[in-house]
């Protein structure tokens, strides 16, 4: 299988998706999903990974992060994926790959575009029909944003509020709740593959900026849009998007 494309561009928020090998449900048990979260927390401590949102499903993960320095995301993903797989294989006396070869990363614009991506991640398990509301899935950032704990928080709320242009924590909770409730009320939680298959998603200016930063790498890529939402899509996608 062709390797998933990744592009390093500093200073952007990235929506990362990584699926289990052959789409197997290797994360179907909560204890395994919690181990992935444990290593996500460790990546935050060791490498300063700036996490904005996340969800661990039964066969893939979504992770929204802010790039802070070169190597932070790649080192973090190597730690999280490697240790999760190692522990699982040892416990199950299993051999072989746990993850698909590489994760996929999509650059995400700030403000309302980042909010839409956060909501898209939150509603992942609702789209599959497993749950009716994002609060029902424990291994996700929805409950952490809505009800932060005193200790062991993974999400960097300060950076998240800054990128969303939200002034305080109460407004963050209020807006975040409203985004999800509006989508659920309008039954507008359908899968939009560009959030997990495009190279960049956001305003036209943002997409043009990313294309310029990529330079010659954009030769086989073209811009599309749905209303005011623009994205750069691969002409021949080698990595099958996940929900």
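Of everything in segment 49-63, what is within 14 Å of residue 103 (Cβ to Cβ) and not in a loop (DSSP other than H, G, I, E, B)? Give them in sequence order.
Scanning segment 49-63 gives 54, 56, 60, 61, 62, 63.
Which condition breaks for residue 35 when tested against (1) assigned to a helix (DSSP H, G or I); (2) touching a residue at least 24 places away in the same chain (Cβ under 8 Å); (3) touching a strand residue (DSSP E or B) at 6+ places or on another chain (Cβ under 9 Å)?
Tallying (1) assigned to a helix (DSSP H, G or I); (2) touching a residue at least 24 places away in the same chain (Cβ under 8 Å); (3) touching a strand residue (DSSP E or B) at 6+ places or on another chain (Cβ under 9 Å), residue 35 fails exactly one: (3).
Any idea which residue in segment 131-155 is nearest to residue 76 (Cα to Cα), counting only those that are part of a loop (DSSP other than H, G, I, E, B) and touching a residue at least 60 places away in the same chain (Cβ under 8 Å)? First the steps, then the outcome.
So the first thing to find is which residues in segment 131-155 are part of a loop (DSSP other than H, G, I, E, B), and the list is 131-133, 137-139, 147-154.
Applying the additional criterion that residues be touching a residue at least 60 places away in the same chain (Cβ under 8 Å) yields 137-139, 152, 154.
Details: 137: 24, 138: 22, 139: 18, 152: 17, 154: 13 Å.
Only one residue fits best here, namely 154.
Would you point out the residue of segment 7-32, among those that are surrounded by fewer than 17 Cβ atoms within 10 Å (Cβ to Cβ) and not in a helix (DSSP H, G or I), that is modelled with the lowest pLDDT?
Per the criteria, the residue is 8.
The values are calculated or read from the model by the stated rules, or taken from the named source; none is laboratory data. What you are looking at is a predicted structure, and each value in this text was computed from that prediction instead of being measured. Because the Cβ atoms are built from the backbone with ideal geometry, glycine has one as well, and the counts that use them run over all protein chains shown.
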